[in-house]
Each structure stands twice: as structure tokens, then as C-alpha cells.
1. Can you confirm whether residue 145 is over 16 Å from the mean Cα position of the chain (by Cα), surrounded by 14 or more Cβ atoms within 10 Å (Cβ to Cβ), at pLDDT 85 or above and part of a helix (DSSP H, G or I)?
2. Considering only residues of segment 41-63 that are free of Cβ contacts under 8 Å to residues at least 40 places away in the same chain and part of a helix (DSSP H, G or I), which is surrounded by the most Cβ atoms within 10 Å (Cβ to Cβ)?
3. Limited to segment 64-74, what total is found for residues that are among the charged types (D, E, K, R) and either farther than 17 Å from residue 234 by Cβ or not in a helix (DSSP H, G or I) (or both)?
4. Which one is nearest to the chain's Cα centre (by Cα) among residues in segment 149-196 that are among the polar types (S, T, N, Q) and crowded, with 22+ Cβ neighbours inside 10 Å?
5. Scan (1) more than 19 Å from residue 221 (Cα to Cα); (2) touching a helix residue (DSSP H, G or I) at 6+ places or on another chain (Cβ under 7 Å); (3) surrounded by 17 or more Cβ atoms within 10 Å (Cβ to Cβ) for the single condition residue 31 breaks and write down its number.
6. Show the residue pairs that are 6+ apart or on different chains and have beta-carbon atoms under 6 Å apart, the first residue being within segment 145-164 and farther than 16 Å from residue 281 by Cα, the second being of a type outside the set (Ser, Thr, Tyr) and in a loop (DSSP other than H, G, I, E, B).
7. For segment 261-317, enumerate the residues that are under 18 Å from residue 130 (Cα atoms) and modelled with pLDDT under 80.
8. Restricting to segment 230-272, what's the tally of residues that are within 28 Å of residue 52 (Cα to Cα) and in contact with a Leu (Cβ under 7 Å, 6 or more places away or on another chain)?
Amino acid sequence: MTPTPPAEQRTAGGLYAFGAYALWGFLPLYFVLLAPIGPFEIVAWRILLSLVFCAILIAVTRSWRRLVAILRQPRLVGLTILAGLLIYVNWQVYLVGALTGHVIETSLGYFINPIVTVLLGVLLLRERLRIAQWIAISLAAAAVVVIVVGYGAFPWIALSLAFSFAFYGLVKKKIGPSVDAVSGLTLESLWLAPVAIVQLAVVAALGGLAFTSVGGGKLLLLACAGVATAVPLLMFASAARRASLTTLGIMQFVAPVLQFIIGVWLLGEQMTLGRWIGFAIVWVALVILTVDSVVAARAARRTRREASRVPHVPDLV
């Protein structure tokens, strides 16, 4: 049985988790400030600058051996390539949404993500769901229908974000502790570097690279894209080692809540009645899912405590 971290460690883990999700929640504002640099150019620079930042971290921490050890295992290499492709889809769709006036829809994607993760557990890992989890999945499906009918458009941005990040989480779960956060992000960025270079070449050929015509302030912001990508991931990795899964599960709603607030009140995106109803259904589903997870976690801890109190009976045979 995995030992429970001390209270100080759990508190630190909760703070790391809150910090990571808060930074992710404010990312729409960061990317909006980069306009007129477009989403495809930003993603390409994000990949390349993340690779540079991670290379510096590995050099400073002298963790090349861990990277080499991963590269010697074809299974791990293949999984990091798959993880890179999935996070590329996630980043690209997110940037398209954030820079085309669909920040609210990106928040919907991350609200739905926990429910999609549970669904993938059923379809791919053959996990058995509790009744509350089935209710949450059904409500999420109903919410999508309501949004399609009420808003008149299919929420492809939200669903693409939810499924790409859920599959990314599934791949990272298969990788497990064999790949640390820095090495994982380094390899994912390394595999995507050729894609980023080709993407920059295409953008340059079609209309020119916007970063060449912006001021020094925007160039400085763009140069920080690698840091803005890596820091919350590293904070999340620190949180995952210290905080409970229940804490992480609750904290993950910080990011979409902030994105929703930014989209509605700061960027002035439209919220129709159909959208409000759809979001309300999703929020009800998330409340059910969160309460069920907390209850199940407490029941599991109680079962472990009771099992540890059972006295050992020697074998008489």
C-alpha cells in the first residue's frame, strides 16, 4: 500500500495543484495578448521554445542519463511520440479557440474532460462504473445535445479538447513513473520539433511570420511561451507526488472556471440561453461526479484502515 504523505506534503501538493491549474486558467489572456500572431505560428514557437527551456532544465539538473535511459526503451519512445501528437492536437485546437473568440467553448472542453476520462476507462480499460458515474456521463451527453440545438453549432472545439487531453492522460498513465515530467515534455517537444518547423515554413509561405512585425513587448511575451508551457506542467508533476487524487480531481476545475470567467466577463463572448442550460447540465454532472469520487475515496480509506486492524491468524495446518 502506498504510504500517505504527511500533512505538510499534502498541503504543498494542494498549493502546487492550484498554482498549475490557475496558470492554465489564465492562458487565454496570455495568448490573446500575442495577437496578431496567429494560432499556428504560436503553437510552433510554443513547441520549439518548450524544447529549448526543457533542454536548459536538463542541462542545469544534469538529468541526461534519465533521458538516455528512456530512449533505450522502444515502448516508452513510442508512447512519448503518441503523447506528443495528442498534446499537439490539444494545443492547436486550444489556440484556435482562444484566438477566434471561443474561450467559453475551450472552458467547456475542460469541464467535460473528467467525464470523458471516466468514459474512456469503460471503453478502453473495461472499468466498471458506479451508478453516479453513469448519470454524470449521460448528463454530459445531454448537455452536448442541448448546446447543439440551442446554439445551432456543434461544439467541436470543446469535444476535441476533452478527448485529446483525456487520451493524453491515458497515455501518460501507461507511461507511469518511468518518465519524469521534464524528460516527458522534452521528448514530446523533440518529436514535434519537425512539425513545428514545417508549420512555421507554411505560415511564412502563405502570409509571412507575424512575429517579425510586432513590437518588443510581444516578442518578449512570445519568448516566454516555453516557460508558460513548462512551468504549470512541472508544478502539476510536483502536486501529483504530494496531493491525493481527490484533491487533484477537485483542483482541476480551477482552470475551466477561470477560462469561463475570462470568456464571459473579460472578453465579452456571447452566452445564449441554450449555452447556459448546457453548461448548467455539465456543472450538475461534475458535482455528481466529484461527490461520488470523494465518497468512494473515503470508503476506500476506511476499508484499508479496517483491514489493517484485522489481527493476523497463524496458519494451523
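The values are calculated or read from the model by the stated rules, or taken from the named source; none is laboratory data. Keep in mind the model is a prediction, meaning the values are calculated, not measured. Glycine also receives a Cβ, built like all others from the backbone with ideal geometry; neighbour counts cover every protein chain displayed.
1. Working: over 16 Å from the mean Cα position of the chain (by Cα): yes; surrounded by 14 or more Cβ atoms within 10 Å (Cβ to Cβ): no; at pLDDT 85 or above: yes; part of a helix (DSSP H, G or I): yes.
It is false that residue 145 is over 16 Å from the mean Cα position of the chain (by Cα), surrounded by 14 or more Cβ atoms within 10 Å (Cβ to Cβ), at pLDDT 85 or above and part of a helix (DSSP H, G or I).
2. Start the filter on segment 41-63 by keeping residues that are free of Cβ contacts under 8 Å to residues at least 40 places away in the same chain, which leaves 56, 59-60, 62.
Those still in the list that are part of a helix (DSSP H, G or I) too: 56, 59-60.
On the way: 56: 12, 59: 10, 60: 8.
So, considering only residues that are free of Cβ contacts under 8 Å to residues at least 40 places away in the same chain and part of a helix (DSSP H, G or I), the one surrounded by the most Cβ atoms within 10 Å (Cβ to Cβ) is 56.
3. Within segment 64-74, the first condition is being among the charged types (D, E, K, R), and the residues that meet it are 65-66, 72.
Those still in the list that are either farther than 17 Å from residue 234 by Cβ or not in a helix (DSSP H, G or I) (or both) too: 65, 72.
The number of residues fulfilling the criteria is 2.
4. Residues of segment 149-196 that are among the polar types (S, T, N, Q), as a first pass: 160, 164, 178, 183, 186, 189.
Next cut, crowded, with 22+ Cβ neighbours inside 10 Å only: 164, 183, 186, 189.
Values: 164: 9, 183: 17, 186: 17, 189: 16 Å.
Checking each candidate, the answer is 164.
5. Condition not satisfied by residue 31: (1).
6. The qualifying pairs are 157/102.
7. Selection gives 297, 300, 301.
8. Count: 6.
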